[in-house]
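Student: Dropping the structure in here first, questions after.
The values are calculated or read from the model by the stated rules, or taken from the named source; none is laboratory data. Model, not experiment: these values are computed from the prediction. Backbone-built Cβ (ideal geometry, glycine too); neighbour counts: all protein chains shown.
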Amino acid sequence: MSRKVRKGTAIYAFLDDLGLLENGTAEEIAAAKKEYYRQLKREYKKRKSANERPFEIFLNSSELSHIAALADRLNMSRTRYIKEAALAYSMDKYLVPNTDVIYAIKDLLALNYSALEDLLDEKIVPASAEKRIIEQMADMEERICSLLFKPVMKNAG
């Protein structure tokens, strides 16, 4: 079943310019659509290759299966995973599988901090410990956020 061509679209203009909308058969229109999409794909590849360069690597079967498993876990293609992982590693960052979970952890830390402030306001925690507890909480939050968003790099040995 073929898709309908809506007025005002680029393909509509293409078919109209060829005169197929008034005089073309269904087969001619289908062939013209096929050619239109081929041209579109060629132009896209040309634009893409003008801005990006290919980079080829070779992996053995165990390396490939390892990469494929990680890519699947992150819902990425193998190529995209390799690119994203290399860029993240080179910028001392994590390739985070689920950013929503990371932000939820950050929010929970903030809630914990707020709850502690409430306890301090209600004088449940002794005033002598107040400053030290707030500083420790702020330090803990900063260290956890740092670890969540920026990995500790191991030195090559």
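Student: Is it the case that LEU64 is closer than 27 Å to ALA86 by Cβ, among the hydrophobic types (A, V, I, L, M, F, W, C), surrounded by 10 or more Cβ atoms within 10 Å (Cβ to Cβ) and modelled with pLDDT of 90 or more?
Tutor: yes
Student: Here's something else I'd like to know. Restricted to the range 106-118, and to residues that are among the aliphatic types (A, V, I, L, M) and exposed (fewer than 13 other Cβ atoms within 10 Å of the Cβ), which residue is nearest to LEU74 (Cα to Cα)?
Tutor: LEU108
Student: Of the residues GLU122, GLU56, which is surrounded by fewer than 11 Cβ atoms within 10 Å (Cβ to Cβ) and closer than 30 Å to MET137 by Cα?
Tutor: Step by step, each of GLU122, GLU56 is checked, and only GLU122 is surrounded by fewer than 11 Cβ atoms within 10 Å (Cβ to Cβ) and closer than 30 Å to MET137 by Cα.
Student: Let me ask something additional. So the check is Cβ under 6 Å with 6+ separation or different chains; which pairs have a first residue in the range 26-40 that's assigned by TED's automatic domain parsing to the domain that holds LEU15 and a second one that's surrounded by 11 or more Cβ atoms within 10 Å (Cβ to Cβ)?
Tutor: Qualifying pairs under 6 Å: GLU28/LEU20; ILE29/LEU20; ALA32/LEU15; ALA32/LEU18; ALA32/LEU20; TYR36/ILE11; TYR36/PHE14.
Student: When you check SER128 against the structure, is it in a helix (DSSP H, G or I), among the polar types (S, T, N, Q) and modelled with pLDDT under 80, yes or no?
Tutor: When the stated conditions are applied, SER128 passes them.
Student: Which ones in the range 60-92 are out of contact with any Pro (no Cβ under 7 Å at 6 or more places or on another chain) and assigned to a loop (DSSP other than H, G, I, E, B)?
Tutor: As a first pass, look at the range 60-92 and keep what is out of contact with any Pro (no Cβ under 7 Å at 6 or more places or on another chain): 60-72, 75-91.
ASN60, ASN75, MET76, SER77, MET91 - these are the residues of the range 60-92 that are out of contact with any Pro (no Cβ under 7 Å at 6 or more places or on another chain) and assigned to a loop (DSSP other than H, G, I, E, B).
Student: Follow-up. Among the listed residues LEU109, LEU15, which satisfies the condition of being assigned by TED's automatic domain parsing to the domain that holds MET137, part of a helix (DSSP H, G or I), in contact with a helix residue (DSSP H, G or I) (Cβ under 8 Å, 6 or more places away or on another chain) and modelled with pLDDT of 80 or more? First the steps, then the outcome.
Tutor: On the way: LEU15 fails: assigned by TED's automatic domain parsing to the domain that holds MET137.
Just a single option satisfies the conditions, and that option is LEU109.
Student: Test ILE29 against the stated conditions and say whether it is closer than 30 Å to GLU135 by Cβ, in contact with a Leu (Cβ under 9 Å, 6 or more places away or on another chain) and either modelled with pLDDT of 90 or more or of a type in the set (Val, Ile, Thr) (or both).
Tutor: So ILE29 does not fit the description; no.
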